[in-house]
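To start, the structure under review is shown below, and the notes come after it.
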Amino acid sequence: MGNLCGSYGFDCLCPSAAETNPEVAGFIYNGPGRGMQYLSQIFLLGAFLYHAKLQANCYTDDELQEQADYCEDPASMMNLTRAATPSSMPTVMPTFAEEPGCEEKVYGFYPSSLITLVQMFCSLVTAFCCPVIGAIVDFTPKRRTYGYNLMMGVVVINAIQIFTNSDTWFFMLLLQGLAGALYTCHSICLMAYVPELGSSDVDGEAPKTEEEINAETTLIMGISRAVEQLSNVIYILIHAAFGMFMECALVIPFGDGNYETGNGRIAQVMSVFIGGPLVWKSWQLLGDRPALHPLPDGTPDSCFSLIGVAWGTILNTAFNKLPKQFPMTGLFLLSYTFTEAASGTVLQMATIYLGEVLKMRSMSYAILIILVFNIVGALSTMKLAPKVGLQTWWKCSVWSYIILMFLLVMICKGPDDVVYAYILFIPLGLTMASLVVAQRAIFARLVSRFYEAFRNAMECHEPYPKSPRPHRIQLNI
């Protein structure tokens, strides 16, 4: 069959499993494509915040005039961009901000609060939709159809958001909430393929040992994460180059005279025309699947039936099976839920925090540092986690992530602390990647086709049964 990653330019990074399983290549392709859709939304948050503050009359006439005259005299903007040199060592004691924020409101909320409120709305919509998408994956053969269409919906919304301006910004902000829900639901369809990734069975070869299976799964997760973040770094560098070398020639004119709007629009253009084809290609390589389970007896095959089955299954699992039969598995899934949600929203929330509290004008450098060290963290996890122990590595990553986020909030309280934020972004990038790779590798084994036997063995610490499919992953805690 040949190495499909190699056929499309990833030959130096592609796992050997892609030689016999084309879906490994499809999974790797999806990372760069969906990463660009996600990052473009982060850059657009700056435009939303600007237009919200503009509508709330947070800017004085002098500030607006200085922005308008920036390309004629860049030095006039220096009073709007705070220096990134600390005047003193930070403390971890809470203090009040030196400068009061905008006290005006738009649509009944402070501008920064309105942005985060929409993110919360997105989370609520997603929470309702996720069990339904899970039921579609389990009880219908439409996993691939929904996964493809959901991500194409995100691409279409990003294309519409290219036209964000002072008249359309609130509608575009609501669309971003919808895009976040579609993105997460797409990830559910994609993650359903994870337990099935790996080398297909080859006649005449001995079954892989458990160590080899663990190493292969961690390798696939690590490489896919590294490729995703490497492409994100390239995306950020290109985007930053526009802002650095073509700020007045392209970015500000493209944003109708505003840097934040032009910055967001350019990010959307790149995500649509570069990331869009990548996610399309990934779903061409990912195959169709039959329904994993039949619908319960007497359940009609309809949308409303799926909603009922989905929520019934979720409630039964959360409040009956997991607490009574598999408490350790339940605790892991609970922690996985919170850490995955935190990893997905930290950059979005940090955008508001860095802009409003630390007064950063551009997010490109901060995101770039995190992404570069994400690559290092993913590759390190790929090599070291199987040796240290996947569960030990995951536990250390969780605690490191909690400590770093606490330090970031407690130390970086104002514009003078920007340098310390940059320093903390280095270990934060390492930890975020380590956490994602490790917990997804564990998750892949938990949802194996033989999950009941594996989870029973995990709870009772008994020897594992032999799996008839050598590429299935077994969990050992």
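The values are calculated or read from the model by the stated rules, or taken from the named source; none is laboratory data. Since the structure is predicted, the reported quantities are computational estimates derived from the model, not experimental observations. When we count neighbours, we look across all protein chains shown, and the Cβ atoms used for this are built from the backbone with ideal geometry, even at glycine. In case anyone asks, the SASA skips ligands and DNA or RNA and just uses the protein heavy atoms, side chains included. Shrake-Rupley method; radii C 1.70, N 1.55, O 1.52, S 1.80 Å.
I'd like to verify a number: residues in the range 317-332 that are of a type in the set (Phe, Trp, Tyr) and either open to solvent by 80 Å² or more (accessible area, probe 1.4 Å) or more than 26 Å from the chain's Cα centre (by Cα) (or both), how many?
Final tally of qualifying residues: 2.
Read through the list (1) at pLDDT 70 or above; (2) within 30 Å of Ala47 (Cβ to Cβ); (3) open to solvent by 60 Å² or more (accessible area, probe 1.4 Å), then give the number of the only condition that Leu368 fails.
Checking Leu368 against (1) at pLDDT 70 or above; (2) within 30 Å of Ala47 (Cβ to Cβ); (3) open to solvent by 60 Å² or more (accessible area, probe 1.4 Å), the one that fails is (3).
Of (1) surrounded by fewer than 18 Cβ atoms within 10 Å (Cβ to Cβ); (2) more than 22 Å from Ala192 (Cα to Cα); (3) modelled with pLDDT of 80 or more; (4) of a type in the set (Val, Ile, Thr), Thr91 satisfies all except one. Which?
(3)
Quick one: is Ala240 open to solvent by less than 40 Å² (accessible area, probe 1.4 Å), hydrophobic (A, V, I, L, M, F, W, C) and either at pLDDT below 85 or not in a helix (DSSP H, G or I) (or both)? Before you say what the answer is, go through the steps one by one.
Numbers: open to solvent by less than 40 Å² (accessible area, probe 1.4 Å): yes; hydrophobic (A, V, I, L, M, F, W, C): yes; either at pLDDT below 85 or not in a helix (DSSP H, G or I) (or both): yes.
Yes; evaluated as a whole, the condition is true for this residue.
Restricted to the range 10-38, and to residues that are more than 22 Å from Met270 (Cβ to Cβ) and among the charged types (D, E, K, R), which residue is modelled with the highest pLDDT?
Glu23
Quick one: what pairs do we get from the range 304-326, first residue farther than 19 Å from Cys185 by Cα, second acidic (Asp, Glu) and in a helix (DSSP H, G or I), C-beta under 9 Å, 6+ apart or different chains?
Hits for this filter: Gln325/Glu459; Phe326/Glu459.
Being in contact with a Phe, Trp or Tyr (Cβ under 7 Å, 6 or more places away or on another chain) and open to solvent by 50 Å² or more (accessible area, probe 1.4 Å) is the filter here, so list the residues in the range 385-437 that pass it.
Answer for the range 385-437, where residues must be in contact with a Phe, Trp or Tyr (Cβ under 7 Å, 6 or more places away or on another chain) and open to solvent by 50 Å² or more (accessible area, probe 1.4 Å): Ile426, Leu430.
State the number of residues belonging to the range 153-176 that are under 20 Å from Gly35 (Cα atoms), open to solvent by 40 Å² or more (accessible area, probe 1.4 Å) and touching a helix residue (DSSP H, G or I) at 6+ places or on another chain (Cβ under 8 Å).
Taking the range 153-176 first, the residues under 20 Å from Gly35 (Cα atoms) are 153-162, 172-173, 175-176.
From the residues that got through so far, the ones that are open to solvent by 40 Å² or more (accessible area, probe 1.4 Å) too are 156, 160.
Narrowing the set further to residues that are touching a helix residue (DSSP H, G or I) at 6+ places or on another chain (Cβ under 8 Å) leaves 160.
Within the range 153-176, residues that are under 20 Å from Gly35 (Cα atoms), open to solvent by 40 Å² or more (accessible area, probe 1.4 Å) and touching a helix residue (DSSP H, G or I) at 6+ places or on another chain (Cβ under 8 Å) number 1.
Checking Ser305 against (1) closer than 27 Å to Gly31 by Cβ; (2) surrounded by 14 or more Cβ atoms within 10 Å (Cβ to Cβ); (3) at pLDDT below 85, which single condition isn't satisfied?
The number of the failed condition is (1).
If I filter the range 270-291 down to residues being among the hydrophobic types (A, V, I, L, M, F, W, C) and open to solvent by 50 Å² or more (accessible area, probe 1.4 Å), which single residue comes out as nearest to Val24 (Cα to Cα)? Before you say what the answer is, go through the steps one by one.
Taking the range 270-291 and keeping what is among the hydrophobic types (A, V, I, L, M, F, W, C), we get 270, 272-274, 278-280, 283, 285-286, 291.
Still in the running and open to solvent by 50 Å² or more (accessible area, probe 1.4 Å): 273-274, 280.
On the way: Phe273: 23, Ile274: 21, Trp280: 15 Å.
Restricting to residues being among the hydrophobic types (A, V, I, L, M, F, W, C) and open to solvent by 50 Å² or more (accessible area, probe 1.4 Å), the top hit is Trp280.
For the range 243-252, which residues satisfy the criterion of being open to solvent by 70 Å² or more (accessible area, probe 1.4 Å) and either hydroxyl-bearing (Ser, Thr, Tyr) or part of a helix (DSSP H, G or I) (or both)? If you could, list the steps in order and put the result at the bottom.
Residues of the range 243-252 that are open to solvent by 70 Å² or more (accessible area, probe 1.4 Å), as a first pass: 244-246, 249.
Of everything in the range 243-252, those that are open to solvent by 70 Å² or more (accessible area, probe 1.4 Å) and either hydroxyl-bearing (Ser, Thr, Tyr) or part of a helix (DSSP H, G or I) (or both) turn out to be Met244, Phe245, Ala249.
Mind checking which pairs have a first residue in the range 398-425 that is touching a residue at least 12 places away in the same chain (Cβ under 8 Å) and in a loop (DSSP other than H, G, I, E, B) and a second that is of a type in the set (Ser, Thr, Tyr) and exposed (fewer than 15 other Cβ atoms within 10 Å of the Cβ), Cβ under 9 Å, 6 or more apart or different chains?
Lys413/Thr91; Lys413/Thr95; Gly414/Thr95
Suppose we filter the range 257-302 for residues that are of a type in the set (D, E, K, R), modelled with pLDDT of 85 or more and assigned to a helix (DSSP H, G or I); how many remain?
2
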